[in-house]
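**Q** I have a structure here, written as structure tokens, and I will follow up with some questions on it.
Read-outs: derived from the displayed coordinates by stated rules, not from any lab. All values derive from a computational prediction rather than experimental measurement. Using ideal geometry, Cβ is built from the backbone for each residue, glycine included, and neighbour counts are taken over all protein chains shown.
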Amino acid sequence: MAILPSDGSAAQPAPPPRVVQPEPRREDQGELSLRPRNLQEYLGQAELKQSLAVTIAAALQRGDPLDHLLFYGPPGLGKTTLSMLIAAEMKTQIRITSAPALERPRDIAGLLLSLQAGDILFIDEIHRLNRVTEEMLYPAMEDFMLDITIGKGQAARLKRLPLKRFTLIGATTRAGAISAPLRARFGLVERLRFYNELEMQQILLQSAKLLEIQLAPEGAQAMGRRARGTPRVANRLLKRVRDFAQVQGKTEITAEVAEQALDLLQVDRFGLDPTDRLLLETIIRNYQGGPVGIDTLAAAISEDSTTIEEVYEPFLMQTGFLQRTSRGRVVTPQAYTHLGFEPPSTGLALDQLPLFEAGLD
Ligand code: ADP
């Protein structure tokens, strides 16, 4: 007998787990062992690393803490890892938290008061801070002062407490969702990019070494192509492919083994999984390739519109399969071809052309 929820409505089936999901999953718990331990092991993001190296060296020379830093970019690209490495380079402690854990004013107050001089406070998903917490951060970031209200009602009074000079590192998948006053208080705002194929191959080879997996360079290349430019996805695919190779009695992951395993996982040669394909196919079949509004699309594929915007779209835009236009989402001719459809003969109508670049925010 089916168990219905108490309101009597039919239970929604849980969405199938995505092997290419860029956010952390339970199976990534071993991630710690794969985390680069120094900036040399942190591959790719060359320009960003270079500019950070200069900032770190200058701060160390002056004996000052680093300026507050904001990292933005899709999940799994290494924002947390990079922040941990910055702390190691600065030889300071890092406290890691995320906006949803800072619900009450006393959460952020307690954290700020516990920081030592030079410490780094890392706040993930900083765009999700509530207004009160965010406003408490302003004087803390600017003047290293904490304003707290003591007592209630008429007896309430404001007290200013001095804080140690700390560095705030904020991370977000949605730079555009950060309020202007908060954004203005960061000395540095840096974007993390998707990794290219060569970088992905190097990351996979490095992870394979740490996990003592025999991975041929061509195997790493084959996997790197399908790992969506995202190290977290690459590491997860590596573990899945290792299991496949083991069951098949193979001692080394060659390109052929990797491709067989990824076919089995339904990750195609561009790294698209069934959900990505469903999204693109829905636009092609139901909306003649678009434009279609995000909410309509979300309802059509039973997915949350924020997840579509933050997780699916950045990668689909990066691969050139999807474009955001002022009138909605549009599938490109490349997507038609990749999914086995005939591209529209006239190409995109003029009014469907993207009006702005596929930005992350
Ligand atoms: P984010 O904070 O952006 O979601 P993380 O910093 O948690 O991403 O990175 C996820 C995992 O990906 C890390 O545990 C690490 O193993 C791997 N990783 C991320 N960036 C790199 C990199 N540049 N080089 C090697 N491995 C990386």
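**Q** Treating the angle as unsigned and between 0 and 90°, give the value, to the nearest 10°, between the Cα long axis of helix 255-264 and the longest Cα principal axis of the chain.
**A** For 255-264 against the chain, the angle is about 90 degrees.
**Q** Between Leu211 and Leu113, what is the spin-label point distance in nm, taking each point 7 Å from the Cα along the Cα→C-beta axis?
**A** Placing both labels 7 Å along Cα→Cβ, they lie 4.4 nm apart.
**Q** Given contacts defined as C-alpha pairs under 8 Å and at least six residues apart, what's the relative contact order of the range 194-289, whole-number percent?
**A** Working: 113 pairs, mean separation 27.0, N = 96.
That works out to 28 percent.
**Q** Sticking with this structure for a sec: Figure the gain on full extension for Glu23 and Arg106 (residue separation times 0.36 nm, minus the Cα-Cα span) and round it to one decimal in nm.
**A** Net length gain for the segment: 27.1 nm.
**Q** Helix 131-143 versus the longest principal axis of the chain: what is the Cα-based angle in degrees, 0 to 90, to the nearest 10?
**A** Between helix and principal axis, roughly 60 degrees.
**Q** Take every Cα pair under 8 Å in the range 45-191 that's 6+ residues apart, average their separations, divide by the length, and report that relative contact order as a whole percent. Spell out each step's value before the answer.
**A** On the way: 236 pairs, mean separation 50.8, N = 147.
Reported relative contact order: 35 percent.
**Q** Mind checking the angle between helix 79-90 and the chain's longest principal axis? C-alpha axes, 0 to 90 degrees, to the nearest 10.
**A** 40
**Q** Moving on. With runs of 4+ DSSP H residues as the only contributors, calculate the mean residue ellipticity of the chain at 222 nm using -39,500 (n - 2.57) per run, divided by the residue total and rounded to the nearest 500.
**A** So the calculated ellipticity at 222 nm is -12000 deg cm²/dmol.
**Q** What are the GluC sites (Glu not before Pro) within the range 152-256 that DSSP puts in a loop, where the Cβ has at most 13 other Cβ atoms within 10 Å?
**A** Glu212, Glu252
**Q** Distance from a point 7 Å along Cα→Cβ of Phe341 to each backbone N in the range 259-289: keep the residues under 11 Å and list them by number.
**A** Zone members listed by number: 278-289.
**Q** Another question, then. Which whole-number percent gives the relative contact order of the chain, counting Cα pairs below 8 Å spaced six or more residues apart?
**A** It comes to 16 percent, rounded to a whole number.
**Q** Quick one: which of 59-65, 47-53, 261-267, 326-332 comes out on top by average Cβ neighbours within 10 Å, and what's the full order, highest first?
**A** 326-332, 261-267, 47-53, 59-65
**Q** Taking R0 as 22 Å, what FRET efficiency do you get between Asp263 and Asp243 from their Cβ-Cβ distance, rounded to the nearest 0.05?
**A** With a Förster radius of 22 Å, E is 0.90.
**Q** Could you pull out every residue, at least 5 positions away or on a different chain, whose amide H is within less than 5 Å of the one on Leu121? Hs are placed 1.01 Å off N in the peptide plane, and Pro or chain starts have none.
**A** The list, which skips near neighbours in sequence, is Arg95, Thr167, Leu168, Ile169.
**Q** Efficiency by 1/(1 + (r/R0)^6): what FRET value for Arg62 and Asp295, r their Cβ-Cβ distance, R0 = 41 Å, to the nearest 0.05?
**A** Working from the Cβ atoms, E equals 0.25.
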